[in-house]
Amino acid sequence: MYHPINLPDCPQLERFNELIHHLLAFGLEQTRDQPEAEIQPLFDQHFAEAGFAEAGPWFWGKPVAIRQPLLKLLPLPVAEKQPVWDAYVADMDLKGRFGDGRFQTHQLPESAQAALELAGEMVQNCYTRILAKDGVPAQVLHMDAPLDRQTVLRAYLDAQNHRSPPLKVCPGCDGRPPSVSDGKIHEDLDHFFPKSRYPMLAVHLLNLTPFCKDCNQTYKGSKDAIGDDDAQVANVRCLHDIFHPYLRPAMPDIEVIVARNAHDEPHVVVQPRHNNQQQLARMQSLFYTLDVNGRWDGDLIEERLRPKIEMLLLHGWQDNGPIGEVKLREGLETAVTTLSRFIGREPGNVAALAYARWLAEDVEAQGEWLAVMETAVMG
């Protein structure tokens, strides 16, 4: 969510969402109170008429994930279901929702909640019981290749490799990128809007981001800056108040610096470039969701940033001669230039750059570093 990322091109996922669209249309746009045996041929015909003859029997063959909630949904009155359908169609336009600030499915009347719960159960199952497990066969999609988690992960990595320069870090925290071994990508697909609270977005491409395991499992989990009752995000009320991995990355709107605190100790500080209420709310949502401020500050306190800068300095000092204040300052300025060029290309460079910039300007810190680096060079 810190780094801007390219939107992946994943035709199989787009097609699966098209099939889900037809699935929900069958359940929400009509009322049927008939025996299961009479509904099945109508269900198969519905998909066949849409051009996906294999999809009907395939969906129907999933009793827990699809058939059971569908059969509970069908008898409900259309008057209760139509608002759910309209809200689903509106919310699938995620860019549009970021424009007006609200999800339509979260503004439905009480009379529509039963239909929303059943429809959401089916869509969420399309991820947890289908996409995240065996996937979708190519013949069901009417495509040359099947769909599974690896399909989405590969599409994401391909999109980031085609950036200029390529993104080689976790987009959320500037940490390590997804690892690849034995032809498989070992990373989590994070649901930015938790699927438990936003089930209709469970398979939406713009809601799937491969954050690193630390981001996904340790920090973010099922946090929802808009919906959670937490003092840290008390001013986060709508989509205007948050950053988003694809639609509103944080990097253009925040700056990362190092400054001394009241105890004269250096700390990483993440702050908005424009000090207004909306920017402050977005920054708080970022802190709440991924805790990048605490994590980057921890890297500084635990001296995990130091080796990177030391390496850059030593690499630039090939003569093994005395260092001195001027040489150290010049080395730090070169380190700043190098780190700036490699933002997003090596893990940890965002916080390291902030630290190097601070060192290049803080005379007291330079004195401390001078003694350490002279010892390192002499050693």
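The values are calculated or read from the model by the stated rules, or taken from the named source; none is laboratory data. Computed from a prediction, not measured in an experiment: that's the story for all the values here. Here Cβ is always computed from backbone atoms with ideal geometry, including for glycine, and neighbour counts include all displayed protein chains.
Before moving on, here are some points about what is shown:
- Failed item, numbered, when GLU333 is tested on (1) touching a strand residue (DSSP E or B) at 6+ places or on another chain (Cβ under 9 Å); (2) surrounded by fewer than 20 Cβ atoms within 10 Å (Cβ to Cβ); (3) of a type outside the set (Gly, Ala, Ser): (1)
- In segment 173-225, the residues that are among the small types (Gly, Ala, Ser) and either more than 21 Å from HIS21 (Cβ to Cβ) or in a strand (DSSP E or B) (or both): GLY175, SER179, SER181, GLY183, SER196, GLY221, SER222, ALA225
- The conditions of being over 36 Å from the mean Cα position of the chain (by Cα) and either assigned to a helix (DSSP H, G or I) or outside the structural domain of ARG176 (by TED's automatic domain parsing) (or both) are not met by GLU346.
- Selection count, segment 68-90, where residues are farther than 22 Å from PRO245 by Cβ and either aliphatic (A, V, I, L, M) or without any contact (Cβ under 8 Å) to a residue 12 or more places away in the chain (or both): 11
- Identity of the residue in segment 204-227, more than 16 Å from ARG154 (Cα to Cα) and among the β-branched types (Val, Ile, Thr), that ends up surrounded by the fewest Cβ atoms within 10 Å (Cβ to Cβ): THR218
- Of all residues in segment 81-103, one or more are more than 30 Å from LEU7 (Cβ to Cβ) and either of a type in the set (S, T, N, Q) or modelled with pLDDT of 95 or more (or both).
- Top-ranked residue in segment 143-161 [being touching a helix residue (DSSP H, G or I) at 6+ places or on another chain (Cβ under 7 Å) and in contact (Cβ under 8 Å) with a residue 24 or more places away in the chain; ranked as surrounded by the fewest Cβ atoms within 10 Å (Cβ to Cβ)]: ALA145
- Qualifying positions in segment 65-88 - among the hydrophobic types (A, V, I, L, M, F, W, C) and exposed (fewer than 15 other Cβ atoms within 10 Å of the Cβ): VAL78, ALA79
- The residues on offer are ASP174, ASP188, and the sole one that is under 16 Å from the mean Cα position of the chain (by Cα) and at pLDDT below 95 is ASP188.
- Scan segment 91-108 for residues that are touching a residue at least 24 places away in the same chain (Cβ under 8 Å), assigned to a loop (DSSP other than H, G, I, E, B) and farther than 16 Å from LYS195 by Cα and the total you get is 3.
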